[in-house]
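Okay, structure first, notes after.
Laboratory data are not the source of any read-out in this text; all were calculated from the coordinates shown. Treat the numbers as computed from the prediction; the structure is a model and nothing was measured. FYI the Cβ positions are ideal-geometry reconstructions off the backbone, even for glycines, and counts take in every protein chain you see.
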Amino acid sequence: MKKQEIIFLSALKVNQDKLYRICSIYSDNDEDSKDLFQEVLVHIWKSINGFRGNSSIDTWMFRIALNICLRFKSKYTKNQNRFIRLDSLTISNLGYKEGIREDNEKLKALRACVKKLNEIEKAIVALYLEELAYREISAILGLSENHIAVKIKRIKSKLFNCINEIL
């Protein structure tokens, strides 16, 4: 195996779920999330030789993921005005206990509220929910740590109000 393949696979193993969750924030359904995730992986793979190590591989991957997601969202918004989108109906067998269903409703409310945020707020909350430190978030987004802290406080307030309206 080549060096870049080893680096890619080991970093992907650690960050795969986080990257997918970021993609799901910027898409409207599971199929779009999968497509977007695949697009992110392709771009990471194509760019792996350009990784200089100025930041951690994780930070670098998140930056690429967010750039691809923002580009996707921009294209989707433009195309949405031209075409009527028909989403397929997905039926799933949910054999959950009652407590898990309640948590699932809270999670659905959170996701709905996150989708209402502007693009920079979505990026911040996605990285925050992945438990990245303010320093890492600021490095990925190119904002100061103080700015990130203030934004997170405001985003939490927005999300709290939105979730309370839904539930």
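Numbers below:
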| read-out | value |
| --- | --- |
| Pair Arg111, Tyr20: separation of 7 Å Cα→Cβ label points (nm) | 1.2 nm |
| Using a Förster distance of 45 Å, the FRET efficiency for Lys156-Lys2 (Cβ separation, nearest 0.05) | 0.55 |
| Distance (nanometres) between label positions extended 7 Å along Cα→Cβ at Asn49 and Leu129 | 3.6 nm |
| Qualifying lysines (Cα of each under 19 Å from Cα of Lys13; at least 8 residues distant if same chain) | Lys2, Lys3, Lys34, Lys46 |
| Cα-derived Rg to Rh of the range 1-59, Kirkwood definition | 1.00 |
| Inter-label distance, nm, simple model (7 Å from Cα along the C-beta direction), Asn104/Glu165 | 2.6 nm |
| Within-15-Å neighbourhood charge of Asn49 [Cβ basis; K, R +1; D, E -1] | +3 |
